[in-house]
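For reference, the structure is listed below as structure tokens.
The values are calculated or read from the model by the stated rules, or taken from the named source; none is laboratory data. Small disclaimer: the values here were computed from a predicted structure and weren't measured. With ideal geometry, Cβ positions are generated from the backbone for all residues, glycine too; neighbour counts draw on all protein chains shown.
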Amino acid sequence: MTLSIKDIVNVYGDEVLKLRGLTTSSTVTTNTKDNVFVEKQTIDTASYDAWGNAETQTITAKTALDEALSIKDIVNVYGDEVLKLRGLTTSSTVTTNTKDNVFVEKQTIDTASYDAWGNAETRR
């Protein structure tokens, strides 16, 4: 049973980013199965490291009229070269603000260890 439908539009910036599959922007629009608007998010990636891991991103929640509701700034840290190669973060910080840049919350997710398959074992 289909409950919602997500339409995703990706923008790649230049041919090198496109070749590597690294977006500069993704817009995700969610509608109900009856095509009633639910939400829209724009995910802008400002920087990638040499391995293609997103370092800084901004997620903007929007109304049906494309007006900003909230903004989340994300900073990812990947630790040593092996973790970077595998795309495994040691820390992610998510700061949420209102559309008027009023602070809402800050979350820091630290990953202390991963198993051999890259699954997070310990987070705080």
Surrounded by fewer than 11 Cβ atoms within 10 Å (Cβ to Cβ) and more than 27 Å from GLY118 (Cβ to Cβ): is that true of ASP34 in this structure? yes
Run down ALA64, ALA50 and say which single residue is assigned to a loop (DSSP other than H, G, I, E, B), out of contact with any strand residue (DSSP E or B) (no Cβ under 6 Å at 6 or more places or on another chain) and of a type in the set (A, V, I, L, M). ALA50
Filtered residue count, the range 4-49, keeping only those that are within 30 Å of ASP80 (Cβ to Cβ), of a type in the set (Asp, Glu) and modelled with pLDDT of 95 or more: 2
Pairs needed: first member in the range 50-64, within 13 Å of THR93 (Cα to Cα); second member anywhere, outside any strand (DSSP E or B) and at pLDDT 95 or above; C-beta distance under 6 Å; at least 6 residues apart or different chains. GLU55/ASP49
Taking the range 81-124, which residues are in contact with a strand residue (DSSP E or B) (Cβ under 7 Å, 6 or more places away or on another chain), within 20 Å of THR56 (Cα to Cα) and not in a strand (DSSP E or B)? LEU88, THR89, THR90, LYS99
Tabulated pairs, the range 11-23, first free of Cβ contacts under 8 Å to residues at least 60 places away in the same chain and of a type outside the set (Gly, Ala, Ser), second part of a helix (DSSP H, G or I) and surrounded by 12 or more Cβ atoms within 10 Å (Cβ to Cβ), C-beta under 8 angstrom, 6+ apart or interchain: TYR12/LYS18; THR23/LEU17
For residues in the range 67-80 being outside any strand (DSSP E or B) and at pLDDT 95 or above, which is nearest to THR108 (Cα to Cα)? TYR78
Failed item, numbered, when LYS106 is tested on (1) in contact (Cβ under 8 Å) with a residue 24 or more places away in the chain; (2) basic (Lys, Arg); (3) out of contact with any Lys or Arg (no Cβ under 8 Å at 6 or more places or on another chain): (1)
